Amino acid sequence: VCGGGLSARIEQLLEPGFRSVVEQTIKGVQFVHRGGDPLVIESSEPIAYMVMRDRFDHYLVQQAIRAGADIRTGAGVEGITQTSNGVEVVTGQGRFRAQLVIGADGANS
């Protein structure tokens with residue numbers, strides 16, 4: 001995801017329901033460098049999708065919850081330790097153990 005642009009390869013990763021948050025399907029692009037001749041790419045199939053990040057992020061959170069994820073927001077991480085059977089995360093809200101931790105705090109993640 002770059003801004004609100006998703007590669008069409010997202011179809012391989014998400015259920016078809018992700019299209020409910022797609023604002024626009026992109027089937028062509030044009031690149032121009034310093035006034036040179038444009039490079040035009042057109043396809044009969046989608047090459048990208050445009051989404052509003054707030055709606056797409058909400059969709060991803062809902063899908064994660066349905067899959068059994070425990071979502072913690074506003075839990076500043078104070079420490080992370082890899083253990084023999086997963087990860088232990090220490091936050092201001094307590095200690096949590098998991099097999100997988102996703103840091104979704106933006107560019108600083």
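Just so you know, all these numbers are worked out from the coordinates, no wet-lab data involved. In this text the structure is predicted, and so the values were computed from the model without any measurement. When we count neighbours, we look across all protein chains shown, and the Cβ atoms used for this are built from the backbone with ideal geometry, even at glycine.
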Check your understanding: Under a point spin-label approximation (7 Å from Cα along Cα-to-Cβ), what is the Thr81-Gln62 distance to one decimal in nm?
Key -> 3.9
**Study point:** When the convex hull of its Cα atoms is projected in every direction, mean area for the chain (nm²)
**Key:** 9.9
Exercise for review: Mind telling me which of Glu78, Glu15, Glu42 comes out most flexible in a GNM of the chain, alpha-carbon contacts under 10 Å?
Suggested key: Glu78
Practice item. Go ahead and set up a Gaussian network model of the chain, Cα springs under 10 Å, then flag whichever of Ser44, Ser20, Ser84 fluctuates most. Key: Ser84
Review point. Can you give the calculated 222 nm mean residue ellipticity of the chain, where each DSSP H run of n ≥ 4 adds -39,500 (n - 2.57) and the sum is split over every residue, rounded to the nearest 500 deg cm²/dmol?
Key: -4000 deg cm²/dmol
Revision key, fill the gap. A correct Karplus calculation of ³J(HN,Hα) over segment 101-107, with 6.51 cos²θ - 1.76 cosθ + 1.60, θ = phi - 60°, whole Hz and x for Gly and Pro, returns 10, 10, x, 10, 10, x, 5
Exercise for review: Take every Cα pair under 8 Å in the chain that's 6+ residues apart, average their separations, divide by the length, and report that relative contact order as a whole percent.
Suggested key: 19
Check your understanding: What's the angle, to the nearest 10 degrees (0 to 90), between helix 53-66's Cα axis and the longest principal axis of the chain?
Key -> 50
Exercise for review: Note down the nm distance, to one decimal, between modelled labels 7 Å out along Cα→Cβ at Val101 and at Thr73.
Suggested key: 2.0
Revision key, fill the gap. Taking every other residue with Cβ under 15 Å from the Cβ of Gly103 and scoring Lys and Arg +1, Asp and Glu -1, one gets -4
Review point. What residue among Val61, Val40, Val51 shows peak mean-square fluctuation when the chain is described by a Gaussian network model with Cα springs under 10 Å?
Key: Val40
Revision key, fill the gap. Simple SL model, points at 7 angstrom along Cα→Cβ for Glu23 and Ile41; separation in nm is 2.1
